[in-house]
Structure formats: C-alpha cells, structure tokens
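Enquirer: Pasting a structure below so you can have a look.
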Amino acid sequence: MVLNADVVGKRIDSGATVGRTIRGDAVTSVFAGVFGGQTMVTSGENIGIVRATGVRSRYVSTGTGVLLLLMAFVAPVGAIINSLPAPVVGATAAYVFAMIIVTGLKMFTAIDMSADRNFVTAVAALTAGLLPVVAPGLYGAFPSTPRLLLSSGVTMAALVGIVVAALYARRPRSPLSR
C-alpha cells in the first residue's frame with residue numbers, strides 16, 4: 001500500500017491507511033471464502049506495472065477487469081491471450097518484479113541506517129527472510145503448522161522485523177542514538 005502510494009505520487013497517512021487496507025482485504029477475503037471465491041490481496045504487481053507504464057487511471061483498471069471477464073467467458077478472447085509465447089510472459093513478469101524490487105529498494109534507502117534500531121531490524125528481517133531460500137530444508141523436522149510459517153521468507157521477514165522493532169521500541173534510547 002505504501003509503495004503503491006509512493007509510485008503514484010500520493011501522500012498517505014500510513015498508520016491509518018495501511019490498517020484500513022488490511023481490514024478491507026480481510027473482510028473481502030472472508031466474504032470470498034464464504035462464496036467460494038479467491039481471497040483479496042493488495043497486489044504488489046500493481047507497483048511494477050504502474051511504475052513501468054506510468055498509467056494510474058482507475059478506468060484502465062476497470063477496462064482490465066472487463067478484459068479478464070471476457071477472457072473467462074468468451075473462449076476466443078482467452079485463446080488469444082493464451083497464445084502469447086511463454087518467454088514473452090516470463091520476460092514481462094521478470095520486468096514487473098524487478099520494478100517492484102527497485103521501488104522497494106528506493107523506499108529502503110530512505111531509512112536512516114546509521115541508527116542501530118533501523119540497522120539491526122533490517123538485518124534481522126532480511127536474514128530471517130533469506131533463511132528459507134538459502135536453506136530450504138532447514139525447518140523440515142518441524143511440525144506442519146510451524147513449518148508452514150517458518151518456510152515462508154516473506155512471513156519470516158515480517159514477523160522478525162515486527163518483533164525486533166517492538167523490542168527496540170520498548171528499550172530506552174541511549175544518548176548516542178538520539
């Protein structure tokens with residue numbers, strides 16, 4: 001949400017907006033589950049696409065939704081899209097995800113890493129997030145539920161980042177870090 005706002009040049013109150021967005025996604029996901037639909041996710045791919053194209057119009061999003069409905073219910077339209085070569089789709093995906101990474105790095109570089117709190121939180125979160133990638137079998141002996149959480153790099157990075165930031169928030173600041 002914060003990256004989306006940054007890419008489109010909109011200033012938001014991240015405390016209030018992010019919370020509302022998460023609650024909205026949760027309510028939508030519950031209703032989707034009740035009716036057998038897909039859960040709602042505020043998509044990170046939007047960041048890359050908006051950044052790459054510069055298009056920020058909700059009318060384009062509406063048109064895309066109509067196109068998706070046509071693909072679902074009109075077989076020839078779906079067949080045209082399905083005929084795109086896999087390398088084209090792969091290259092497009094790689095470009096979009098690279099845009100997301102660079103946008104995230106831009107946001108990351110705005111953080112004051114000279115402050116121990118920020119530096120240690122970032123290092124701990126990145127380390128925890130990379131562990132499932134560099135050592136995929138690390139949590140293999142764990143029971144299924146903890147293994148599910150621990151084997152997700154995104155989940156681990158988020159949880160460790162939150163815990164470390166919370167621990168630093170409870171710690172009195174030293175005169176040198178002010």
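Enquirer: List the pairs whose first member sits in region 33-52 and is farther than 12 Å from I101 by Cα, whose second member is part of a helix (DSSP H, G or I) and at pLDDT below 70, and whose Cβ atoms are under 8 Å apart, counting only residues at least 6 apart or on separate chains?
Expert: The qualifying pairs are T42/N4; N46/N4; V50/N4; V50/V7; V50/V8.
Enquirer: Filter region 99-144 down to the residues that are charged (D, E, K, R) and either exposed (fewer than 15 other Cβ atoms within 10 Å of the Cβ) or without any contact (Cβ under 8 Å) to a residue 12 or more places away in the chain (or both), then identify the one that is farthest from V163 (Cα to Cα).
Expert: Per the criteria, the residue is K106.
Enquirer: I'd like to check something: does region 81-98 contain any residue that is within 30 Å of L68 (Cα to Cα) and either surrounded by 15 or more Cβ atoms within 10 Å (Cβ to Cβ) or not assigned by TED's automatic domain parsing to the domain that holds R51 (or both)?
Expert: Yes, the conditions are met somewhere in region 81-98.
The values are calculated or read from the model by the stated rules, or taken from the named source; none is laboratory data. All of these numbers come straight from a predicted model, not from anything done at the bench. Every residue, glycine as well, gets a Cβ built from its backbone with ideal geometry; the counts of neighbours run over all protein chains shown.
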